[in-house]
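Below you'll find the structure, written out as structure tokens, and then a few comments.
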Amino acid sequence: MNVCILSGKVIKNATVRGTEPKTLTFTLETKYGYNENEKKDRLAWVPCVLFNPDSEMEALLTTRGQGLNIELEGRLSGSNPDANGGRKFNTEVIVKSKTLTVLQPAK
């Protein structure tokens, strides 16, 4: 089963791509631990794609998305796009539209 649940902060407003299907793309900053030596959180930046968003979610993420704390459920999608046989990987989260929740507004 390929299921991931993430929470974090949207880095910048989402971008709309296409019309059929319409997609929203955004990056989520998540914490995955603490670096004792540097005394700061360890952060990861996760690319996310939301297919056919409802109009309310599209408006929110494209105009006021930056800084929003959200939680979402999706699945990992990975590919090896290097045609020359190299080991270049691309991974993103395909978000289930009904599972994206705003935890608190941006400050």
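Details
- Cut-off 12 Å between beta-carbons: net charge of the residues surrounding Arg42, Lys and Arg +1, Asp and Glu -1: -1
- Across the chain, C-alpha contacts under 8 Å between residues 6 or more apart give a mean separation that, scaled by the residue count, equals a relative contact order of 30 percent.
- Helix-only mean residue ellipticity at 222 nm for the chain, each DSSP H run of n ≥ 4 adding -39500 (n - 2.57), per residue, nearest 500: -2500 deg cm²/dmol
- Stretch in the chain that is longest and holds no GluC sites (Glu not before Pro) that DSSP places in a loop and that have at most 16 other beta carbons within 10 Å: 39-107
- As a proxy for reagent exposure, Val16, Val95 were ordered by neighbouring Cβ count within 10 angstrom, fewest first; the result is Val16, Val95.
- Taking other C-beta atoms within 10 Å as the exposure proxy, Thr19, Thr101, Thr25 rank Thr19, Thr101, Thr25 from fewest upward.
- When segment 35-83 is reduced to its Cα atoms, the Kirkwood hydrodynamic radius in Å: 14.4 Å
- Taking the chain as the region of interest, the number of lysine pairs whose Cα atoms are within less than 19 Å, with members eight or more places apart or on different chains, is 13.
- Hull volume in cubic angstrom per residue (convex hull over the Cα atoms of the chain): 145 Å³
Where a number appears in this text, it was derived from the coordinates with a stated rule and is not lab data. Since this is a predicted model, take the numbers as computed values, not measurements. As a convention, Cβ positions derive from the backbone with ideal geometry for all residues, glycine included, and neighbour counts pool all protein chains shown.
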